[in-house]
Amino acid sequence: MMAVAATALADFVFGGIEQDDPQLLETERASSTGIRHRHALQPADPRPHQPVRITVQVGPELAVDRLTAYVTWDGSRPAGSQGVAVQGRAVQLLPCGVRWEPLVWDYVRLWEGELPGQPAGTLVQYCIEGWRSFEPPCSVWSTEQKLDRTVQEQTLYGYHVDELAIPEWARAAVVYHVFVDRFSGVQNRWLEVEELEHFAGGTLRGVIDRLGHIAELGCNVLWLSPVFVTESYHGYDTTDYRHVDPRFGSDADLLELFAQAHAHGLRVLLDFVANHTSVAFAPFVAARNDPASEFRNWFHFQEESRHGYRCFFEVASMPQLDTDAPAVRDFLCKSAQHWLLAGADGFRLDYAAGPSPLFWSAFRAACRAVRPDCWLVGEVTRAGDALRVYQGRLDGCLDFAFCRAVRLLCALPVPGLSLSQFANQIQANRAALGEDFVQPAFIDNHDMNRFLWAAGNDLRRLRLALALLFGLGGPPCLYYGTEVGLGQPRAKGPWREEARHPMLWGEAQDATLLAYTRWLTKLRRNHPALQEGAMATLYLDDVRGLWLVERSLATDRLWLAVNLSAEAQPLELPTGEVVDWEGTPIAGTVTLAPVSATWYRVASRAPAQTPSG
């Protein structure tokens, strides 16, 4: 199982979201050393005047007997030493227990402290020092390892005190993801290898002209790849955050797109990159050329870095911002506010695991100040407990765990996990993070091989994956072209993304698949049970590859019958007033087609009885 599972997202730009065994072991061992806070707050999303309990662990190699949090509430950066605050207030932490860590074969010590409640609108910032009351003196700061495995010398923690909530429209979202450079311009052909890393001619005007396709598909949210001034066709290295790149169009085109999209019933999410910029970004140019520049502390210039400065996964053309620097935070927040005021409805936040949770706390507050119902979705290629840190800081994160599970279940000739594992993971993931953390689901995106390619161009497997996406995931995100059978001519290569070929238009589209996808979007939008309803397994047989699952909310009840096997299979339905989509009653045994998903409506309010096979 492990060998198969390891291939699930190995084609993703960051590698599989599940680490290989040696790397996982190294990461877990490192997390038990030093001083680690892990942003552990109780409550996770503090409300006005609520005291906040912070928990910290100290590794077995450290001989410290004091822990102090230096805290500020006025926007200044906290500072202190040996229990005495230089800026802000010192809060002493107390030992509260120990925990055995088998990977280091030793105990870690646990400490706790309480930060006083604050009024709404307060940005709380703090750092944590471990020190000694005995000789010789020692000072160790709490730090956290980032996704790129870098570690700061001292982590700045924090949270924003508020009563912000997820916008209700986000829960009912059906998102269409457009890669702007490939949605118009060149069409209906594969790009050659040498063409893939260059601009292909797609524009905002091209998107405006095709908004009807997206609206008729049934989507109600449009997510655009980055369109600001950039050095690359993909736009993920921003040079100017306040203007559109001329190759994509003009600022006026983007404003028109907002207006036209809204007229089509589409909200617009812009892709926003806060972690890094391009090397042509004016503050970076100034900082690189002049060590005395006022912009020098916007970045991490350091001799130990391969390129002399920290960058996005060692890509020299993408220098990493210090998002905890007040000037950087202010610049990025104001840039986001600029586009929200211009008509954007929210942001998909690229590589959100890069900037600190403190930054996202401030960013969310700034965005909500000018657009109270904006939606902020983070790209964090983690799952489970690792996402808890973003509760109260973002409205949710893209569901990479769902993507991995669907690809393992549906894309491979021999499933990489069982139906039981899939069902358990989907239900556990829903329960783990709660209703106030929305996780948009997807089956592929611009950074991995398309699902259709991964499934060997088997349209049955794509249809099955789409049914699971629209029926069981969070707000579904549909990557452009999936609905019309767009695939790719070859597997992706190092820094060559084959999932970014031109859109299919006209006769090149798979009309049958398009109709099926339209039906699924209508189903999702018309049934609250699929958006927020409970999920219950009525029948599951791993050997036969059969699963019957119910989605329900009040009187809205739907059944989804899945057949993973390559053979048609009989399934006895539970008792109840079950009808097909023409309203014809169905009872007894039904035959499920090979590799398929079939939907049924349930008119009866009575609970379903467990069926037999």
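The values are calculated or read from the model by the stated rules, or taken from the named source; none is laboratory data. Owing to the predicted nature of the structure, the values given are computational and were not obtained by experimental measurement. Every residue, glycine as well, gets a Cβ built from its backbone with ideal geometry; the counts of neighbours run over all protein chains shown. SASA here: full protein model, heavy atoms, side chains in, ligands and nucleic acids out. Shrake-Rupley method; radii C 1.70, N 1.55, O 1.52, S 1.80 Å.
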Requested in this report: Calculate how steeply helix 326-342 sits against the longest principal axis of the alpha-carbon atoms of the chain, using the helix alpha-carbon long axis, and give the answer as 0 to 90 degrees to the nearest 10.
Outcome: 30
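Sum -39500 (n - 2.57) across every DSSP H segment of at least 4 residues in the chain, then divide by the residue count to get the 222 nm mean residue ellipticity, nearest 500. Don't jump to the answer; show the numbers that get you there.
On the way: 16 runs with 148 residues, N = 613.
The helix-only estimate for the chain comes to -7000 deg cm²/dmol at 222 nm.
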Query raised in the report: Helix 419-433: angle to the longest alpha-carbon principal axis of the chain, degrees 0 to 90, nearest 10?
Result: 40
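Taking N as the number of residues in the range 114-214, what is its Cα Rg relative to 2.2 N^0.38 Å? Mind showing how you got there, number by number?
Working: Rg = 25.1 Å, N = 101, 2.2 N^0.38 = 12.7 Å.
Against the compact-globule rule of thumb, the ratio is 1.98.
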**Report entry** Among 299-308, 354-363, 322-331, the order from most to least packed when residues are scored by Cβ within 10 Å on average
**Finding:** 354-363, 322-331, 299-308
Query raised in the report: Packing-wise, with mean Cβ within 10 Å as the measure, how do 213-225, 381-393, 494-506 rank, highest first?
Result: 213-225, 381-393, 494-506
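Using Cα pairs under 8 angstrom and six or more residues apart, how large is the relative contact order of the range 409-488, in percent?
Worked out over the range 409-488, it gives 37 percent.
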Query raised in the report: Just the projected area, averaged over all directions, of the convex hull on the alpha carbon atoms of the range 123-168: how many nm²?
Result: 5.6
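Would you work out if the range 293-394 is rounded, prolate or oblate? Take a ≥ b ≥ c from the square roots of the eigenvalues of the alpha-carbon gyration tensor; rounded if a/c is under 1.5, else prolate when a/b is larger than b/c, oblate otherwise.
Numbers: a/c = 2.19, a/b = 1.41, b/c = 1.55.
Since a/c reaches 1.5 but b/c is at least a/b, the shape of the range 293-394 is classed as oblate.
Rounded to whole Å and sorted largest first, what semi-axes of the equivalent ellipsoid does the C-alpha gyration tensor of the range 501-556 yield via the square root of 5 times each eigenvalue?
On the way: eigenvalues 186, 69, 14 Å².
The three semi-axes for the range 501-556 are 31, 19, 8 Å.
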Query raised in the report: How high is the relative contact order of the chain, in percent, with contacts defined as C-alpha pairs under 8 Å that are six or more residues apart?
Result: 11
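How large is Rg over Rh for the chain, taking Rg from the Cα atoms and Rh as the Kirkwood inverse mean of 1/r across Cα pairs? Don't jump to the answer; show the numbers that get you there.
Values: Rg = 25.4 Å, Rh = 25.9 Å.
Here the Rg-to-Rh quotient is 0.98.
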Query raised in the report: Any number yet on Rg/Rh for the range 158-286, C-alpha, Kirkwood?
Result: 1.02
Requested in this report: Please list the equivalent ellipsoid semi-axes of the range 422-507, computed as the square roots of five times the alpha-carbon gyration tensor eigenvalues, in descending order and whole angstrom.
Outcome: 26, 14, 12
Query raised in the report: Could you list log10 I(q)/I(0) for the range 472-543 at q = 0.11, 0.15 Å⁻¹, which the Debye formula gives when each Cα is one point scatterer?
Result: -0.46, -0.75
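Multiply the residue separation of Asn297 and Asp240 by 0.36 nm, subtract the distance between their alpha-carbon atoms, and state the gained length in nm to one decimal. Display every interim value, and only then the final one.
Details: separation 57, 0.36 × 57 = 20.52 nm, distance 1.87 nm.
Answer, rounded to one decimal: 18.7 nm.
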Report task. Can you tell me the relative contact order of the range 501-601? Whole percent, Cα pairs under 8 Å, sequence separation 6 or more. Result -> 20
Report task. Please work out the Cα center distance from the range 247-266 to the range 201-232, rounded to the nearest Å. Result -> 8
Report task. Order the peptides 287-297, 593-603, 30-40 from the highest to the lowest mean number of other Cβ atoms within 10 Å of their residues. Result -> 30-40, 593-603, 287-297
Query raised in the report: Between Thr512 and Val414, how many nm apart are label points set 7 Å from Cα along the C-beta direction?
Result: 2.9
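If you roll a 1.4 Å probe over the range 357-430 with all protein chains in place, what percent of the accessible area is carbon or sulfur?
Working: 1070 of 1930 Å².
Taking all protein chains in place, the range 357-430 shows 55 percent carbon and sulfur surface.
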Query - Span from the the range 290-310 Cα centroid across to the the range 492-566 one, whole angstrom - result: 47
Report summary line: Heavy-atom accessible area of the range 85-141 with neighbours in place, 1.4 angstrom probe: carbon+sulfur share in percent works out to 58
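What are the semi-axes of the equivalent ellipsoid for the range 76-148, taken as the square roots of 5 times the Cα gyration tensor eigenvalues, largest first, in whole Å? Numbers along the way, then the final one.
On the way: eigenvalues 126, 64, 40 Å².
Ellipsoid semi-axes (Å, largest first): 25, 18, 14.
Can you check what the net charge comes to around Leu103, using other residues whose Cβ is under 9 Å from the Cβ of Leu103 (Lys, Arg +1; Asp, Glu -1)?
Spelling it out: positives minus negatives among the neighbours equals -1.
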Report task. Considering the convex hull of the alpha carbon atoms of the range 172-228, report its projected area averaged over all viewing directions, in nm², one decimal. Result -> 4.6
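Mind pulling the per residue volume of the convex hull built on the Cα atoms of the range 352-446? Å³ is fine. Provide the component values of the computation, followed by the final result.
Details: hull volume 9.6 nm³, N = 95.
Residue-normalised Cα hull volume stands at 101 Å³.
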Query raised in the report: So, in Å, what gap is there between the alpha-carbon centers of the range 325-353 and the range 55-134?
Result: 30
Query raised in the report: In Å², what does the accessible area per residue of the chain work out to with a 1.4 Å probe?
Result: 38
